[in-house]
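Novice: Dumping the structure here so I can ask a few things about it.
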Amino acid sequence: QVQLVESGGGLVQAGGSLRLSCAASGRTFSGYAMGWFRQPPGKEREFVAARSWNGGSTYYADSVKGRFTISRANDQMTFLQMDNLKPEDTAVYLCAADRFVSDLQIGRPDYWGQGTQVTVSS
């Protein structure tokens, strides 16, 4: 059974930092692009960041550019470093995987995680 499991969410004050982790299991994710999405309360899911399978390209939503960094430790572990957090970053953050980074960017990945809550207080 393929699983993407997020961790590292929590409550943080504005200006603080968090690092989210995404642990993949059930198959090898070698050759897969990885990405992060978020769903703020009462709003639709939105793209946050994506990384091509070889790390040659990274993509960010304008709202997080310069503050968030996507990285990958190995084929099965992906991170999202979030710095200078703002209250508007409050959301459930979800990890996603797909063979094609373009599919991630349009929100149509092959695999989704369940999400981890991030709450930023003002």
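The values are calculated or read from the model by the stated rules, or taken from the named source; none is laboratory data. Keep in mind it's a predicted model, so treat the numbers as computed, not measured. Note that each Cβ is placed from the backbone with ideal geometry, even for glycine, and that neighbours are counted across all protein chains shown. SASA here: full protein model, heavy atoms, side chains in, ligands and nucleic acids out. Shrake-Rupley method; radii C 1.70, N 1.55, O 1.52, S 1.80 Å.
Novice: Normalised by the number of residues in the chain, what is the relative contact order in percent for Cα pairs under 8 Å and 6+ residues apart? All intermediate terms of the calculation are to be shown ahead of the outcome.
Specialist: Working: 312 pairs, mean separation 43.1, N = 122.
The value is 35 percent.
Novice: Determine the gain in length on full extension of the stretch M77-Q3; use 0.36 nm per residue of separation and subtract their C-alpha separation, reporting nm with one decimal. Could you put the intermediate results ahead of the total?
Specialist: Values: separation 74, 0.36 × 74 = 26.64 nm, distance 1.18 nm.
25.5 nm is the gain from fully extending M77 to Q3.
Novice: Let's see if you can work this out: charge +1 on each Lys and Arg Cβ, -1 on each Asp and Glu Cβ, no other charges. What is the dipole magnitude of the chain about its Cα centre, in debye to the nearest 20? Show your work: numbers first, answer last.
Specialist: Working: 12 positive and 11 negative charges, 21 e Å.
About 100 debye.
Novice: Okay, moving on. Only bridges with both residues in the chain count here: give the DSSP antiparallel percent, nearest 5.
Specialist: Antiparallel bridges make up about 90 percent of those DSSP assigns within the chain.
Novice: Another question, then. Just how much of K65 is accessible, in Å², when a 1.4 Å probe is used and the result is rounded to the nearest 10?
Specialist: So the heavy atoms of K65 present about 120 Å² to solvent.
Novice: Moving to a separate point now. Multiply the residue gap between F100 and T69 by 0.36 nm, knock off their C-alpha separation, and tell me the result in nm, one decimal place.
Specialist: The span from F100 to T69 would gain 9.2 nm if fully extended.
Novice: Would you tell me the accessible area of V2, worked out with a 1.4 angstrom probe on the heavy atoms of the protein chains, in Å² to the nearest 10?
Specialist: 50 Å²
Novice: In the chain, carbon and sulfur make up what percent of the accessible area (probe 1.4 Å)?
Specialist: Here carbon and sulfur together make up 45 percent of the probe-accessible area.
Novice: Keeping all protein chains in position, work out how much accessible area Y111 exposes to a 1.4 Å probe, and write it in Å² to the nearest 10.
Specialist: The value for Y111 is about 60 Å².
Novice: Let me ask something else. Which value does Rg/Rh take for the range 42-122 over its C-alpha atoms, Rh per Kirkwood?
Specialist: Rounded to two decimals, Rg/Rh equals 0.94.
Novice: Follow-up. Tell me the label-point distance for the pair S21, K86, using the 7 Å Cα-to-Cβ offset, in nm and rounded to one decimal.
Specialist: 2.9 nm
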